[in-house]
Every structure is written in C-alpha cells, then in structure tokens.
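Q: One structure follows; several queries about it will come next.
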C-alpha cells in the first residue's frame with residue numbers, strides 16, 4: 001500500500017492542477033484512489049480540475065470537495081488559493097464510490113437495504129470516508145441511520161466549507177462535480193482504517209449526574225438546578241481555570257457510564273445553547289437522559305494543542321500509517337492558534353513518514369465510543385494501513 005500527496009498554492013488553477021499531476025506521476029504511485037480538496041479560488045474551474053485529474057491519474061475512485069482551506073504534508077493553506085491531491089495504491093482493497101443527492105435522502109434513509117447498498121456497507125467494510133454539503137445533507141438523520149445499520153462502519157470526513165450559501169459548495173465523485181448531497185467511498189478488504197478524534201477540550205470541575213431533564217435540556221445536576229451546580233463548580237475553580245471560561249463553556253456527556261473515573265477523551269463534547277435564569281435549566285446541542293454523567297469542559301489554544309498531541313502520541317500506531325487524512329475545523333488554524341499549520345505540523349511530527357492531506361471543514365465526522373458523530377472545533381483523522389494478517 002503506497003500513497004503520495006501533492007500540494008500547490010499556485011494562483012493559476014491550470015498551474016496548480018498540473019503541478020499536482022506531475023508530482024503524483026513522479027511518485028510512481030498507481031492511483032487506485034484519489035482525494036482532491038481545493039479552495040474557492042479554484043471553484044469556477046473545478047470541472048477542468050476534475051477532468052484533468054480523472055484522465056491523467058486514471059483512479060478507480062476519486063472523491064473530494066471545496067473548502068475554506070486545504071492541508072498537505074506539514075502545511076495548511078487558509079483563505080488563499082490551494083489544491084491538494086492524495087493518491088493511493090491499495091492492492092486487495094475494494095472501493096465503492098458514493099453520492100447521495102438531495103432527492104435521494106428520503107429513499108436512502110427510509111430503507112436499511114437501500115442505505116447499505118448505497119454506502120457499500122457489508123461485513124468486510126472497514127470504513128466510510130466522506131464529505132457533505134452542509135445545506136443538503138441531513139446530518140443527524142444520516143448518522144443515526146449509519147449507527148443503526150446491521151454492518152456498522154466508522155465514518156470519517158467533514159463538511160464542505162468554501163461557501164456560506166446553498167448551491168455554492170462543491171463535492172466530487174469520480175469525474176462529476178456536484179453541488180449537493182454527500183459523496184464518499186467505502187473501503188473493504190485488505191485495509192485497516194483507524195480513526196483519531198481530537199476534540200480539543202479538557203474537563204473542569206467534577207463529573208455530575210443528570211437527575212432531571214428531557215430532550216436537550218438539563219434541569220437538575222445532582223439534585224440541584226443545573227445553573228446552581230454550574231455556579232458552584234465555577235466558584236470552586238482556581239483563578240487560572242476561571243480565566244479559561246472566557247473562551248466559552250462546553251458540556252461533555254460520558255461515552256461510557258461504566259468507569260470508575262473520567263478524564264480527557266472520555267466525553268462527547270457539545271456546545272451550550274443557553275441558560276434559563278428562572279428555572280435554572282441549561283440547554284445543549286445534544287439529547288440527554290436522566291442518569292447520564294456529564295462534566296463541563298473548556299477549550300483554548302493550549303488545551304487544543306495538548307489534546308491533539310496527546311491523542312497522536314497515545315494511539316499505539318505500531319507500523320507507520322500509509323496515509324493520513326486530516327479534517328480540521330475551520331475554527332481551528334490561525335483562528336485558534338498563533339502559528340500557521342498547527343495541526344498539520346503536529347501530525348507530521350507524530351507521523352513523519354506518512355503522506356497527509358485534508359481540509360478545513362464546517363463540521364467534522366468521526367466516531368467516539370463506537371458511534372459516529374458530527375463535531376465542531378475538532379481535528380479528525382483517518383489513518384490507512386494494510387490490514388494485518
């Protein structure tokens with residue numbers, strides 16, 4: 001299994017795509033699978049980009065999307081022209097290209113057989129890698145359907161991010177440039193796909209039990225109103241941790257209730273929607289149930305750096321990954337860190353021999369605790385290797 005990554009910051013679209021094609025050919029890697037990500041600067045000529053890549057590299061499957069910024073090697077290009085192409089030679093691996101258009105969702109989500117056929121899910125499927133248009137992809141319903149499928153697979157990827165209006169993001173499947181829906185590839189056979197999800201947060205205070213609540217509203221924590229419990233927790237924090245609250249407060253719900261203690265990485269982290277001062281209830285961007293363990297979290301640049309480094313260092317890779325796909329939130333990059341290319345450089349330090357490609361996403365797919373979720377402010381990785389015998 002071999003991969004090659006090519007990145008171009010050329011302003012001219014023709015120059016950018018020609019440079020990536022030349023680099024891919026010089027690598028000697030046969031293009032069974034190709035990923036292509038490009039910024040809005042190249043969107044008007046996307047059809048020419050895709051046509052050239054498809055004809056010159058001749059992959060079995062090619063998928064990609066437009067993005068606010070792209071990632072290649074140890075470099076991130078933000079809000080400037082960028083094109084990155086990752087090509088892979090995958091012997092013994094079956095590839096199934098996917099596109100679910102806007103008009104297809106009702107049928108796909110309403111029939112498990114249709115869902116499995118469309119996604120290429122089966123007992124040998126190792127992972128789904130995919131990208132959606134945020135305006136025409138019913139994310140929650142889609143994730144629930146995959147999580148409930150008889151042949152569950154991790155979904156890793158992100159949402160196209162080059163535009164803030166419907167019809168302006170682009171997604172790629174093979175030689176098609178599409179304006180709606182979800183594209184992806186399912187991988188089966190002789191491949192191992194490892195997901196690494198860094199939520200960039202750390203817990204503060206102590207874990208608490210939801211003692212009253214419904215839907216996405218926490219009414220009581222440990223028998224107290226949620227707001228009273230929150231205030232009590234904040235009052236107990238040292239000044240250094242209180243300062244972090246200026247960056248925002250989040251809620252993490254425990255992935256597993258069957259732990260004696262909880263720490264970083266043991267929670268699915270979600271945003272707070274608001275607080276009702278009269279009732280003392282707290283609303284969050286996730287459904288809750290009575291009896292769940294939750295803990296408040298904070299996020300800042302230092303915390304995000306520590307979390308990413310820790311996740312990359314403690315995964316027990318063994319043999320280096322043949323390739324890494326990195327989907328970093330468009331709220332990260334220089335919006336979060338003082339230096340350019342933070343996430344790409346961290347990944348490159350951890351995996352110096354591994355080709356890395358990806359983009360800044362408007363929401364990142366990645367599994368946590370055996371279920372697929374859409375995240376924010378997250379760095380989500382798909383690490384590809386040959387399957388162990």
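Q: Collect the residues in the stretch 284-334 that are modelled with pLDDT of 90 or more, surrounded by 14 or more Cβ atoms within 10 Å (Cβ to Cβ) and more than 30 Å from residue 162 (Cα to Cα), keeping them in residue-number order.
A: Within the stretch 284-334, 288, 292, 293, 294, 295, 296 qualify.
Residues are listed down the side, and each one gets a yes or a no for (1) farther than 30 Å from residue 10 by Cβ; (2) out of contact with any strand residue (DSSP E or B) (no Cβ under 6 Å at 6 or more places or on another chain); (3) buried (at least 19 other Cβ atoms within 10 Å of the Cβ):
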| residue | (1), (2), (3) |
| --- | --- |
| 74 | no, yes, no |
| 79 | no, yes, no |
| 85 | no, no, yes |
| 106 | yes, yes, no |
| 117 | yes, yes, no |
| 126 | yes, no, yes |
| 130 | no, no, yes |
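Q: Checking the condition assigned by TED's automatic domain parsing to the domain that holds residue 207, surrounded by 14 or more Cβ atoms within 10 Å (Cβ to Cβ), assigned to a loop (DSSP other than H, G, I, E, B) and out of contact with any helix residue (DSSP H, G or I) (no Cβ under 6 Å at 6 or more places or on another chain), which residue from 268, 244, 250, 237 passes? Show your work before the answer.
A: Details: 268 fails: assigned to a loop (DSSP other than H, G, I, E, B); 244 fails: assigned to a loop (DSSP other than H, G, I, E, B); 250 fails: assigned to a loop (DSSP other than H, G, I, E, B).
Within the list 268, 244, 250, 237, the selection yields 237.
Q: Do we have any residue at all in the stretch 311-329 that's in contact (Cβ under 8 Å) with a residue 24 or more places away in the chain, under 25 Å from residue 134 (Cα atoms) and either assigned to a loop (DSSP other than H, G, I, E, B) or not assigned by TED's automatic domain parsing to the domain that holds residue 166 (or both)?
A: Within the stretch 311-329, not a single residue is in contact (Cβ under 8 Å) with a residue 24 or more places away in the chain, under 25 Å from residue 134 (Cα atoms) and either assigned to a loop (DSSP other than H, G, I, E, B) or not assigned by TED's automatic domain parsing to the domain that holds residue 166 (or both).
Q: Determine whether residue 157 is within 19 Å of the chain's Cα centre (by Cα), within 21 Å of residue 271 (Cα to Cα) and part of a loop (DSSP other than H, G, I, E, B).
A: So residue 157 fails the test.
Q: Would a scan of the stretch 152-167 turn up a residue that is assigned by TED's automatic domain parsing to the domain that holds residue 279, on the phi > 0 side of the Ramachandran plot, touching a residue at least 40 places away in the same chain (Cβ under 8 Å) and buried (at least 18 other Cβ atoms within 10 Å of the Cβ)?
A: no
Q: Every residue in the stretch 174-224 that is part of a loop (DSSP other than H, G, I, E, B), touching a strand residue (DSSP E or B) at 6+ places or on another chain (Cβ under 7 Å), crowded, with 19+ Cβ neighbours inside 10 Å and modelled with pLDDT of 95 or more, please.
A: Scanning the stretch 174-224 gives a single hit, 181.
Q: Separate question: What about residue 288, is it touching a strand residue (DSSP E or B) at 6+ places or on another chain (Cβ under 8 Å) and part of a loop (DSSP other than H, G, I, E, B)?
A: Yes, satisfied.
Q: So for the stretch 139-146 (the condition being assigned by TED's automatic domain parsing to the domain that holds residue 56, part of a loop (DSSP other than H, G, I, E, B) and farther than 19 Å from residue 97 by Cα), does at least one residue qualify?
A: No: the stretch 139-146 contains no residue that is assigned by TED's automatic domain parsing to the domain that holds residue 56, part of a loop (DSSP other than H, G, I, E, B) and farther than 19 Å from residue 97 by Cα.
Q: Then there is this: Taking the stretch 335-344, which residues are free of Cβ contacts under 8 Å to residues at least 40 places away in the same chain and either within 24 Å of residue 374 (Cβ to Cβ) or buried (at least 16 other Cβ atoms within 10 Å of the Cβ) (or both)?
A: Hits for the stretch 335-344 are 335, 337.
Q: Quick one: residue 354 ticks every box in (1) part of a loop (DSSP other than H, G, I, E, B); (2) assigned by TED's automatic domain parsing to the domain that holds residue 252; (3) in contact with a strand residue (DSSP E or B) (Cβ under 6 Å, 6 or more places away or on another chain) bar one, so which box is it?
A: (2)
Q: Filter the stretch 1-38 for residues that are more than 23 Å from residue 383 (Cα to Cα) and not in a helix (DSSP H, G or I); which is nearest to the chain's Cα centre (by Cα)?
A: In this case the residue turns out to be 9.
Q: Report the residue count in the stretch 260-300 for those that are free of Cβ contacts under 8 Å to residues at least 12 places away in the same chain and closer than 23 Å to residue 140 by Cα.
A: 1
The values are calculated or read from the model by the stated rules, or taken from the named source; none is laboratory data. Here the structure is a predicted model, which means the values were calculated and not measured. Positions of Cβ are backbone-derived with ideal geometry, glycine not excepted, and every protein chain shown enters the neighbour counts.
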